[in-house]
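Scroll down for the structure; my scribbles are underneath it.
Any read-out appearing in this document is the output of simple, stated calculations on the displayed coordinates, not a laboratory observation. Please read these numbers as outputs of a predicted model, since none were measured by experiment. A quick note on method: Cβ atoms are made from the backbone with ideal geometry, for glycine too, and the neighbour counts reach across all protein chains shown.
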Amino acid sequence: MINRAKLVCIGFIQIISLAVLAEEIPFHFADGITLDLSYVKSSVQSKNWYVFLTGSTCKFHRADEFSRVLLSQDDELAFNYLIVNKVGTVAKSWPNDCEKSIFNDHFLRAERIERVIEVLKQFVPPDAEIILVGGSEGAYLAPEVAFNMNDSRIKAVIMLSGGTRNWFEEESARSLSNKEFLDKNILGNPDPKQFFLGWSYLTWNSFRELNTLQALKNLTIPVQMINGDMDHSVWMPGVLEDAYQLQLTNPNFKFHLLRGVGHGLGCVDKTICDSGANYSVVKSLRQNFVKKVLIR
């Protein structure tokens, strides 16, 4: 049985020393909650933004690290980088960047979507052109954020190692024992003090309401979805079925499946996957997609 909460998506975040360091900015919500953003301003004036939604781990992510994954010398565009971290992760060094009890209390699908939308409304300039990127859990949520917000500034969505089904459905499909446990113990029991596979029952019930697939069907902006065929964190049979149907019905949806690649888009089977080459492939896919969206 996989403890998905402990899967760290190291393929999304590669630590490197850059000349421009991220600015960590506390964002205060009306209900008294504070969320730490991480922001790198473009070296030249630019209205292009990458906004990244993080995965399910209780870890603070920094925009200067994330920008290395997306930045390249042959980019024709300059970008601002913003990471909307999660409530309960703070701008400190690991492992002191996680306030676990706060994180667990606020690890809720609807709340996460609402807070991301509020950040985008207030922090990102009105003339911005946004590429909304989600990794792992963030990839499930990015299409919903884009669809619910219905903001013309969001020009495209990129999903990295995400799924299309709600988490109850995914885990139930993995095994009969998982399904029986979910149905008997968790369904309708949002107990924040009991945990299954690393997440509270409260979180499980929240993510039972995921509408990723419906959002993907309804979005009219370009969407790029990149997965590895050896990703055991998302339910790949559902991803493959849904991606196939979406490509038939939605001309704005593009799907890429990488061989020998796991969760976080890192190489798993080194006999068919080279880490350096795979990194270049992911970058190339992203670059070509974004250039088509933003260069007119």
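Can you bin every Cα-Cα distance in the stretch 224-296 into 5 Å intervals starting at zero and give me the percent of pairs per bin, rounded to whole numbers?
3, 15, 24, 21, 20, 12, 4, 1, 0
For the stretch 172-249, what is Rg from Cα atoms divided by 2.2 N^0.38 Å, rounded to two decimals? Present the calculation step by step, with values, prior to reporting the outcome.
Numbers: Rg = 15.1 Å, N = 78, 2.2 N^0.38 = 11.5 Å.
Expressed relative to 2.2 N^0.38 Å, the Cα Rg reads 1.31.
Once you have a ≥ b ≥ c as the square roots of the Cα gyration tensor eigenvalues for the stretch 138-296, tell me rounded if a/c is under 1.5, and otherwise prolate or oblate according to whether a/b is larger than b/c.
Working: a/c = 2.21, a/b = 1.37, b/c = 1.61.
Judged from the Cα gyration tensor, the stretch 138-296 comes out oblate (a/c at least 1.5, b/c at or above a/b).
How much net charge surrounds Val268 when only other residues with a Cβ under 14 Å from its Cβ are counted (Lys, Arg +1; Asp, Glu -1)? Could you put the intermediate results ahead of the total?
Working: positive: Arg259, Lys270; negative: Asp229, Asp231, Asp269, Asp274.
So the environment of Val268 carries a net charge of -2.
First check a/c for the stretch 87-179, with a ≥ b ≥ c the square roots of the eigenvalues of its C-alpha gyration tensor; if it is under 1.5, answer rounded, and if not, answer prolate when a/b is larger than b/c or oblate otherwise. Please report the intermediate quantities before stating the final value.
Details: a/c = 2.21, a/b = 1.26, b/c = 1.76.
Here the stretch 87-179 falls in the oblate category.
Using Cα pairs under 8 angstrom and six or more residues apart, how large is the relative contact order of the stretch 207-283, in percent?
Values: 85 pairs, mean separation 24.3, N = 77.
In percent, rounded to a whole number, it is 32.
Take every Cα pair under 8 Å in the chain that's 6+ residues apart, average their separations, divide by the length, and report that relative contact order as a whole percent.
Numbers: 578 pairs, mean separation 51.7, N = 296.
The normalised contact order for the chain reaches 17 percent.
From Cα pairs below 8 angstrom and at least 6 apart in sequence, can you work out the relative contact order of the stretch 131-184, rounded to a whole percent? Mind showing how you got there, number by number?
On the way: 62 pairs, mean separation 19.3, N = 54.
About 36 percent, as a whole number.
Based only on Cα atoms, what Rg/Rh ratio does the chain have, Rh being taken as Kirkwood's radius? All intermediate terms of the calculation are to be shown ahead of the outcome.
Details: Rg = 18.2 Å, Rh = 19.4 Å.
That ratio equals 0.94.
Which order do Leu176, Leu213 fall in if you start with the one that has the fewest other Cβ atoms within 10 Å? Working shown, then result.
Numbers: Leu176 9, Leu213 19.
Neighbour counts put them in this order, fewest first: Leu176, Leu213.
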